[in-house]
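Here the structure comes first, spelled out in structure tokens, and everything after it is commentary.
The values are calculated or read from the model by the stated rules, or taken from the named source; none is laboratory data. This structure is a prediction, so every number in the text was calculated from the model and none was measured. So basically every Cβ, Gly included, is an ideal-geometry build from the backbone, and we count neighbours across all protein chains shown. Ligands, DNA and RNA are stripped out before the accessible areas are found, and what is left, the full protein with its side chains, is counted by its heavy atoms. Shrake-Rupley method; radii C 1.70, N 1.55, O 1.52, S 1.80 Å.
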Amino acid sequence: MKKYLFLLVALGVFLNWHKIRDEFAPPPDFSAAHEEGVVLYATTWCGYCAKTREFFKKHNIAYVEYDIEKSTEGRAQYDQLRGSGIPLVMIDGEVLRGYNPSKMKQLLNIQ
């Protein structure tokens, strides 16, 4: 029984490692450097990046975009945010990994 409990705890830690890590060493807030408060790290070929752009356009959200394949500054910021997939969105210091419209609505106070 203790082995199963240990495995469940280990799995929980593994699946939530980025959240746990960010509690003790929060990522830098690159969104604070931009008046918009929203930064998108993306590529031109990514379908979910396109959906994120459409979401921002639909809700009239001003944002700054870095193409991580073309922008050295954008790639450096993406790496510092421990990016491991795209899109990566930063809204007022909060990092969102992947396309998550419900979380974006929550952070942007959209109904």
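What about Leu15, is it at pLDDT below 95, over 15 Å from the mean Cα position of the chain (by Cα) and of a type outside the set (Phe, Trp, Tyr)? For Leu15, the condition - at pLDDT below 95, over 15 Å from the mean Cα position of the chain (by Cα) and of a type outside the set (Phe, Trp, Tyr) - is met.
Check Leu96, Leu88 and return the single one that is within 27 Å of Asn16 (Cα to Cα), out of contact with any Phe, Trp or Tyr (no Cβ under 6 Å at 6 or more places or on another chain) and open to solvent by less than 30 Å² (accessible area, probe 1.4 Å).
Leu96
In the condition set (1) in a loop (DSSP other than H, G, I, E, B); (2) open to solvent by less than 60 Å² (accessible area, probe 1.4 Å), Lys70 is compliant with all but (2).
Residues checked against (1) outside any strand (DSSP E or B); (2) touching a strand residue (DSSP E or B) at 6+ places or on another chain (Cβ under 9 Å):
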site	(1), (2)
Trp45	yes, no
Lys51	yes, no
Glu54	yes, no
Ser84	yes, yes
Leu96	no, yes
Ser102	yes, no
Lys105	yes, no
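Counting only residues that are at negative phi and either at pLDDT 85 or above or not in a helix (DSSP H, G or I) (or both), segment 31-43 holds 9 of them. From the set of residues in segment 56-67 that are of a type outside the set (A, V, I, L, M) and in a strand (DSSP E or B), which is farthest from Leu107 (Cα to Cα)? Of everything passing the filter in segment 56-67, Asp67 is farthest from Leu107 (Cα to Cα).
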